[in-house]
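The values are calculated or read from the model by the stated rules, or taken from the named source; none is laboratory data. On a predicted model such as this, the values are computed, not experimentally measured, just so you know. Cβ placement follows ideal geometry from the backbone for every residue including glycine, while neighbour counts extend to all protein chains displayed.
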Amino acid sequence: MAGPEPAACAEFDRLCGEAVESGQSLGWFRKKLRDIATRGGWTAWGEGRDFDRRALVVYRFGGTEDCSDDHRALDGLVVPSEHEFWDIWAPPNSYVCSCYVLGASSERAASRLEDYIPRT
């Protein structure tokens with residue numbers, strides 16, 4: 001996994017201060033952090049290959065109303081972590097995307113994630 005560039009680390013530090021001082025939401029922080037990661041060389045966020053070394057990855061629709069129907073249609077899809085699908089569809093995969101992935105060690109484990117809603 002590629003690490004962040006020094007400038008991205010400085011920008012991350014500034015972002016943390018801004019979020020705390022102005023009382024921003026977690027959603028706001030995540031969006032800004034994705035922007036920093038993309039610009040600053042945190043490549044694993046968008047490469048679709050770093051899924052906690054799990055055998056399977058479950059795509060989950062994030063619920064953003066502006067997100068495309070394509071994202072909604074992928075909700076619950078289980079794909080092997082090394083499949084080329086993730087080269088294109090690893091979240092975030094558009095500007096307003098709030099989709100996410102969950103790792104699973106087996107089909108049975110993936111089926112348990114169907115109704116999983118992460119804490120934000």
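Please list, ordered by first then second residue, the pairs with beta carbon atoms under 7 Å, 6 or more apart or interchain, first in the stretch 9-22 and part of a helix (DSSP H, G or I), second of a type in the set (Lys, Arg).
Short answer, once both residue conditions are applied: Leu15/Lys32.
Take the stretch 15-31 and flag every residue that is more than 14 Å from the chain's Cα centre (by Cα) and not hydrophobic (A, V, I, L, M, F, W, C).
Residues satisfying the conditions are Gly17, Glu18, Glu21, Ser22, Gly23, Gln24, Ser25.
When Gly62 is evaluated against the numbered criteria (1) over 30 Å from Cys9 (Cβ atoms); (2) assigned to a loop (DSSP other than H, G, I, E, B); (3) modelled with pLDDT of 80 or more, which criterion, by number, is the only one it fails?
Every listed condition holds for Gly62 apart from (1).
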